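The values are calculated or read from the model by the stated rules, or taken from the named source; none is laboratory data. Just so you know, these numbers come straight off a predicted model, no measurement behind them. Neighbour counts run over all protein chains shown; Cβ positions are idealised from the backbone, glycine included. Areas reflect the complete protein model, heavy atoms only, side chains present, ligands, DNA and RNA absent. Shrake-Rupley method; radii C 1.70, N 1.55, O 1.52, S 1.80 Å.
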Amino acid sequence: MTHDHDLVLRPTEAQTAAALAPPPGRTGGDLVVETLRSLGATTVFGLPGQHALGLFDAVGRSDLRLVTLRVENNAGFAADAYGRVTGEAAPLLLSTGPGALTALPALAEAAAASAPVLAISSQVPVAGLGGGRRGHLHELRDQAASFRDVVKSVHEARTPSQIPSVIAEAWESALTAPHGPVWVEIPEDVLRSETIVPQVTGTDATPHELAPRPELTAVAAHWLSRASRPVIIAGGGVVRSDASGKLRQLAERLNAPVVTTFGGKGAFPWTHPLSLQSWLEDRHMTDFLEDADVLLVVGSGLGELSSNYHTFFPTGRVVQIDADLGKLESNHPALGIHADARLALQALLETVPERPDDHAPERVRLVLEDIAARLADQDLALEQSLLTSIRSALPARSPSFWDMTILSYWAWSAFDAKHPNTMHSAQGAGGLGYAFPAALGACVAEPGTPVLAVSGDGGAMYSLAELATARQHDLDVTWLIVDDGGYGILREYMADAFEGRTTGTELSRPDFVALAESFGVPAATTAPESLTADLAKALATPGPSVLVLPATLRMFAPTHL
């Protein structure tokens, strides 16, 4: 009798010969590259530093595409966007100490947005590890400690033989729901030293599926099928799990209105009769959600932005589906279902019957009308017209990336993303400078597809160096910079809260058009009335371009105060 544990996969003669006589001159850096290639990676982001040169040398001798940016944090944003757009783990190569630490804000954004980034950093030589303080360049007492509370998991290789397994383990972690950034450290001398470890030709790092517990989905299905006023909140987890189709099926079967969070933009069709769009920062919407007798929350933790700044208090039953165990019931009591959104929605579709409700579309229409009426009283035609112009010029399938600026805050609520996974912003961690380098990562992920970045002048100053990257790699990105002479949203917040004082929010800035042209990037000044035509032309022209829109915008009045 043959038992499963008796089945051993024996190497072929060719594999044995290759293992006994690996090519000479291979290093730990080659093991990193071979492992990445065997996992399916084709592209890496980053920039070299002294301790990482052995890794970059190996990349240069391989067929991996290396996209070098000018600042580590921007390289992290580019890898983040690549991971969001492709759903693949995006390798980010960093050097020790200052180089690694400079990428920390980008990894914080990737963690908040569940973007799969595989950060691989060099370390000081092995002899300097363990807090010995030998005075190595870039030495930190515990480099990984700076990242442990930010990334999803930390992995360390201390010998060449550990490299393939460590990277495979990290890859699996990054792509297991919930996706997220992971951290790998390899000392400089391990990356540089020659190795007798055979070539890495096959690596298994299959992500684990996170299926829902059937007794929980049975209860959820029972509640939803008997609800009088069910409503669905769809978050970024729906987009990341590619579950938009299942979400629509369930909503139509239940006749349940759907509102998407800012991270879930595009998860549900904007003009669908059951679409509440994304107006979460409005008291009319908050009241509507509080009135639901069963609220299904899919792929959202109902955090600050999704809860109208924690002024939302559901009165009915709540079912919350999330792949991040820590987010379940973190803000409201619920029937928490720890699962990937796609698998949980599929389980509900298998058990939930049709629920007739002729009044649901009318209820949706009325609440959207109330929101429109509130905005109409605030003299905000310019802001709304700019979003209309951008939507008209931007191809439906083109990705867009939005910095933390007033126009982006508008877009979270009012912009039709058209399709899932096409609108991205830094609203996860809320740092400045995200849009342009992230757009570059998307250009690499989808060559030939025009990509839009939207920044304010303040946020643009974080990323100007990457105009050189856009030109060097000839990427199809159009950068729209809304120039209001300062940190516009902070200026507005301060003026409202501190008797008109706006300390530190007024900025000197360059001539963005002249500056872009100095990088060899075509640039022009646009105006609200010509934005549609100018933007369409720029997006249709191959290569990078910059449009500068001088305009001072206003936010709609908040309803949570």
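Within the range 317-346, how many residues turn out to be out of contact with any strand residue (DSSP E or B) (no Cβ under 8 Å at 6 or more places or on another chain), farther than 18 Å from Arg240 by Cα and crowded, with 22+ Cβ neighbours inside 10 Å? So the count comes out to 0.
Of everything in the range 174-205 that is in a helix (DSSP H, G or I) and crowded, with 24+ Cβ neighbours inside 10 Å, the residue that is modelled with the lowest pLDDT is Glu188. So which residues in the range 378-393 are open to solvent by 10 Å² or more (accessible area, probe 1.4 Å) and either in contact with a strand residue (DSSP E or B) (Cβ under 7 Å, 6 or more places away or on another chain) or not aliphatic (A, V, I, L, M) (or both)? Hits for the range 378-393 are Gln378, Asp379, Gln384, Ser385, Thr388, Ser389, Arg391, Ser392. Pairing residues of the range 242-271 that are touching a residue at least 40 places away in the same chain (Cβ under 8 Å) with residues that are among the basic types (Lys, Arg) and open to solvent by less than 10 Å² (accessible area, probe 1.4 Å), at Cβ distances under 8 Å and at least 6 apart in sequence or on separate chains, gives no pairs at all. The C-beta contact set for the range 407-435 (first residue acidic (Asp, Glu), second residue at pLDDT 95 or above and in a helix (DSSP H, G or I), distance under 7 angstrom, 6+ apart or interchain) comprises Asp416/Arg391. Selection of the range 450-464 for residues being over 18 Å from the mean Cα position of the chain (by Cα) and open to solvent by less than 40 Å² (accessible area, probe 1.4 Å) yields Pro450, Gly456, Asp457, Gly458, Ala460, Leu464. The residue of the range 261-286 that is surrounded by the fewest Cβ atoms within 10 Å (Cβ to Cβ), among those that are outside any loop (DSSP other than H, G, I, E, B) and out of contact with any helix residue (DSSP H, G or I) (no Cβ under 8 Å at 6 or more places or on another chain), is Arg283. Can you find a residue that is at pLDDT 95 or above, closer than 17 Å to Pro399 by Cβ, of a type outside the set (Asp, Glu) and open to solvent by less than 40 Å² (accessible area, probe 1.4 Å) anywhere in the range 120-135? For the range 120-135, residues at pLDDT 95 or above, closer than 17 Å to Pro399 by Cβ, of a type outside the set (Asp, Glu) and open to solvent by less than 40 Å² (accessible area, probe 1.4 Å): absent. Among Leu36, Leu31, Leu94, Leu66, which is the only one that is open to solvent by 10 Å² or more (accessible area, probe 1.4 Å) and under 28 Å from Leu140 (Cβ atoms)? Going through Leu36, Leu31, Leu94, Leu66 in turn, just one is open to solvent by 10 Å² or more (accessible area, probe 1.4 Å) and under 28 Å from Leu140 (Cβ atoms): Leu66. Exactly one residue out of Thr532, Thr478, Thr469 is farther than 30 Å from Trp279 by Cα and of a type outside the set (A, V, I, L, M): that is Thr469. Of Asp30, Asp63, all but one fail to be among the acidic types (Asp, Glu) and in contact with a helix residue (DSSP H, G or I) (Cβ under 7 Å, 6 or more places away or on another chain); the exception is Asp30.
Only one of the listed residues (Leu305, Leu289) is among the aliphatic types (A, V, I, L, M), open to solvent by less than 10 Å² (accessible area, probe 1.4 Å) and farther than 30 Å from Ala527 by Cβ. That residue is Leu289. Kindly indicate the residue of the range 349-364 that is out of contact with any Ser or Thr (no Cβ under 8 Å at 6 or more places or on another chain), in a helix (DSSP H, G or I) and in contact (Cβ under 8 Å) with a residue 60 or more places away in the chain and also surrounded by the most Cβ atoms within 10 Å (Cβ to Cβ) among those meeting that condition. Filtering the range 349-364 for residues that are out of contact with any Ser or Thr (no Cβ under 8 Å at 6 or more places or on another chain), in a helix (DSSP H, G or I) and in contact (Cβ under 8 Å) with a residue 60 or more places away in the chain, the one surrounded by the most Cβ atoms within 10 Å (Cβ to Cβ) comes out as Ala360. Of the set (1) open to solvent by 50 Å² or more (accessible area, probe 1.4 Å); (2) touching a strand residue (DSSP E or B) at 6+ places or on another chain (Cβ under 8 Å); (3) of a type in the set (Val, Ile, Thr), all apply to Val477 but (1).
Looking only at residues that are without any contact (Cβ under 8 Å) to a residue 12 or more places away in the chain and assigned to a loop (DSSP other than H, G, I, E, B) in the range 137-173, which one is most open to solvent (accessible area, probe 1.4 Å)? My answer is Arg141. Applying the criterion of being outside any loop (DSSP other than H, G, I, E, B) and not hydrophobic (A, V, I, L, M, F, W, C) to the residues of the range 330-348, the residue that is nearest to Gly303 (Cα to Cα) is Gly336.
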